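What follows is a single structure, written as structure tokens, with notes after it.
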Amino acid sequence: MGSKFVHSVFGPVPSRRLGRSLGIDTVPMKTCNWNCVYCLLGRSKPMVKERKSWIPSGSIVEEVHNAIRTRSGTFDWITFVGSGEDTLHSEIGSIAQQVKAISPVPVAFITNGSTLYLDDVRNGLAALDAVMPTLDAGNEKLYLRMARPVKEASFKRHMEGLLAFSKMNRTAKLNIEVMLVSELNDTEEELESLAGRMEEIQPDAIHLMLPTRCPTETWVKVPSDEALIRAQAILGAKASLMASSELTLSLAASENLKQDITDIVTRHPLRMDDLIRALPFPTEEASFTFLETLAAHQSIMIVERLGIPFVKGMRSILRATPGTPQR
Ligand code: SF4
């Protein structure tokens, strides 16, 4: 497969809340109905509201099956966490259930939660091990400001989906993710509003995330220590801060370094110093030169956020699947 393409399965990559995670991606790059200010994948252009079979479900499951066979023992979870919103795949329920059936490890699903109001999405995800939808705001105004969703979406519908999933018969833990952004949702007033919504939903856990990985908007800032203490206090005992993973990514065993780097950073931008440590070259200079060469050939790009160099994928990278819409 040529280097311009990415696969449906990538990693394992170190995950802030799941240890070593084998990632699954079911939609083309940045297929999303939201345009979050903190998204690490860049802006959603255009935003996508329709659900369709972007990639044949059979090829996704086959790729997962092959990865389970060849990468056995290298990951602790399988996680749906792609280059967009995976529930925009119209067969996501069936795909999730097939992956769960063949997986030797727990299966998690990270989603913005915008389609949980749909029966088929809820039913498809209910038998997994963990579902992690987003709730950054306790009211419509802040929701619109942070998620910047398609116009058909609404805070009311988002809450309806979360509540319905919470109340249904499920094995999946409901772990709600809150991305804390300075001066947006870290004030006392906004946190109280969010806490009220959490009280209604009764999630199993609340994961507090920080926009430390290459946020889309350069003005997005990490909350102060004081604000983090405030968030923990107001959101209560279920809330815990997901610190940056200390697990180390290693690409020492990679058989196709260029392809593996491209697959990972397309969905999971990495700090350049972390990626350099993962590479199998004898010196930092050699690793840096390799990354510069990839950047010069437009396989990756190097950007700066929060004063830190990050390596991320090119927006033009497309899938190899024949007939896949190229956006
Ligand atoms: S963070 Fe997730 S939900 Fe938000 S724009 Fe990015 S892919 Fe979409």
Item to check | Projected label distance in nm at Glu50 and Leu257, using a 7 Å step from Cα toward the beta-carbon | outcome: 4.3 nm
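So how much slack lies between Lys156 and Asp76, counting 0.36 nm per residue of separation and subtracting their Cα-Cα distance, in nm?
Working: separation 80, 0.36 × 80 = 28.80 nm, distance 3.52 nm.
This chain segment gains 25.3 nm when fully extended.
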Checklist outcome for this item: FRET efficiency for Arg69 and Phe281 from the Cβ-Cβ distance with R0 = 45 Å, rounded to 0.05, comes out at 0.95
Next on the checklist: Starting from the 7 Å offset along Cα-to-Cβ, what nm value, one decimal, do you get for the label separation of Leu163 and Ile102?
Outcome noted: 3.9 nm
Checklist entry - Any idea how far the Cα center of the stretch 5-59 sits from the one of the stretch 149-170, in Å? => result 20 Å
Checklist outcome for this item: Here the convex hull volume per residue of the chain, taken over Cα atoms and given in Å³, is 125 Å³
Next on the checklist: Under the 0.36 nm per residue contour assumption, what length would be gained going from the current alpha-carbon distance of Thr218 and Ser94 to full extension?
Outcome noted: 40.9 nm
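Are there any GluC sites (Glu not before Pro) in the stretch 104-213 that are in a DSSP loop and have at most 14 other Cβ atoms within 10 Å? List them by number. All intermediate terms of the calculation are to be shown ahead of the outcome.
On the way: sites: Glu140, Glu152, Glu160, Glu177, Glu183, Glu188, Glu189, Glu190, Glu192, Glu199, Glu200; in loops: Glu152, Glu183.
Passing both the DSSP loop test and the Cβ count: Glu152, Glu183.
How much length would be gained if the chain were fully extended between Gln202 and Thr187, taking 0.36 nm per residue of separation minus their Cα-Cα distance, in nm to one decimal?
Working it through step by step, the gained length comes to 3.2 nm.
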Item to check | 18 Å Cα cut-off, lysine pairs counted over the stretch 5-250 (separation 8 or more, or different chains) | outcome: 13
Item to check | Top of Asn139, Asn35, Asn256 by mean-square fluctuation, Gaussian network on the chain, Cα under 10 Å | outcome: Asn256
Checklist entry - Taking a Cβ-Cβ separation under 4.7 Å as the criterion for a possible partner, which cysteines of the chain have none? => result Cys32, Cys214
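Coordinate-derived values only; no laboratory data. This structure is a prediction, so every number in the text was calculated from the model and none was measured. For neighbour counting, all protein chains shown are included, and Cβ atoms are generated from backbone atoms with ideal geometry for every residue, glycine included.
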